[in-house]
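Here the structure comes first, spelled out in structure tokens, and everything after it is commentary.
Rule-based calculations on the coordinates, nothing more; no lab input. Worth saying up front: this structure is predicted, and the values here are computed from it rather than measured. Methodologically, a virtual Cβ is constructed for each residue, glycine included, from the backbone with ideal geometry; neighbour enumeration extends over all protein chains shown.
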Ligand SMILES: Cc1cc2nc3c(=O)[nH]c(=O)nc-3n(C[C@H](O)[C@H](O)[C@H](O)COP(=O)(O)O)c2cc1C
């Protein structure tokens with residue numbers, strides 16, 4: 001069993017999503033001691049932004065790849081290999097300006113590649129995600145509260161996008177724990193955090 005944590009908070013000190021992801025992973029590992037754990041810290045080490053040369057290299061058929069095009073795709077290849085190997089994926093994601101952190105978007109721009117992680121049928125225009133058989137958990141901290149069943153839920157472009165992009169890659173089994181109200185009073189914040197931890201401890205059992 002391989003568990004990959006993708007962490008996207010730019011904060012290392014005081015990060016709620018990092019702390020809660022660690023709590024989940026510690027509990028998960030106590031139930032699954034053979035787990036091989038790895039961390040892709042895009043919050044601290046942002047993947048490169050894709051460029052016109054990257055796009056051209058990505059569209060170059062394998063028999064016409066050169067040392068230069070291969071070098072341009074090397075980082076993306078590493079990120080894809082790591083993702084393909086993972087059975088469980090835990091994504092720590094703060095809401096930034098109602099969406100995902102730009103570093104995490106750069107990560108998905110690197111790992112979404114036709115023929116590698118998604119298949120495209122030019123006749124029907126349909127995409128098929130190739131990363132099947134994996135399970136993901138999204139842990140998203142935010143100052144406000146954007147529960148899907150509330151009117152504020154419509155302002156959450158973070159988790160609905162993430163869910164969509166994971167499904168697009170073929171990852172259909174996605175759990176989500178919101179860590180809301182981190183901008184509230186200490187008491188409100190603590191209550192929300194404890195409720196999220198309780199959910200995570202339950203999810204670690206399955
Ligand atoms: C640049 C930036 C933008 C943010 N935008 C939002 C936002 O749109 N909505 C919200 O509820 N919280 C927003 N927040 C608050 C964070 O989501 C919240 O503090 C969260 O706990 C940060 O995650 P972390 O503790 O793991 O670093 C923002 C924080 C930062 C630094």
*For region 11-129, what class follows from the C-alpha gyration tensor (a ≥ b ≥ c being the square roots of its eigenvalues): rounded when a/c is under 1.5, otherwise prolate if a/b is larger than b/c, else oblate?*
prolate
*Name the residue, out of 23, 70, 105, whose mean-square fluctuation peaks in a Gaussian network model built on the chain with Cα pairs under 10 Å.*
70
_Estimated 222 nm signal from helices in the chain, with DSSP H stretches of n ≥ 4 weighted -39500 (n - 2.57), rounded to 500_ = -12500 deg cm²/dmol
_If you take every DSSP beta bridge fully contained in region 2-203, what fraction is antiparallel? Give it as a percent rounded to 5._
15
_Need one word for region 128-206: rounded, prolate or oblate. Basis is the Cα gyration tensor (sqrt eigenvalues a ≥ b ≥ c); a/c below 1.5 gives rounded, then a/b vs b/c decides._
oblate
*Over region 88-206, what is the percentage of antiparallel beta bridges among all DSSP beta bridges, to the nearest 5?*
30
*Rounded, prolate or oblate: pick one for region 2-203, where a ≥ b ≥ c are the square roots of the eigenvalues of its C-alpha gyration tensor, a/c under 1.5 means rounded, and failing that, prolate if a/b is larger than b/c, else oblate.*
prolate
*Of 165, 139, 100, the one that fluctuates the most in a GNM where the chain has Cα springs shorter than 10 Å*: 165
*Find the centroid of the Cα atoms in region 146-202 and in region 32-46, then give the distance between the two in whole Å.*
20
*Taking other Cβ within 10 Å of each residue's Cβ, how do 25, 50 sort, fewest first?*
50, 25
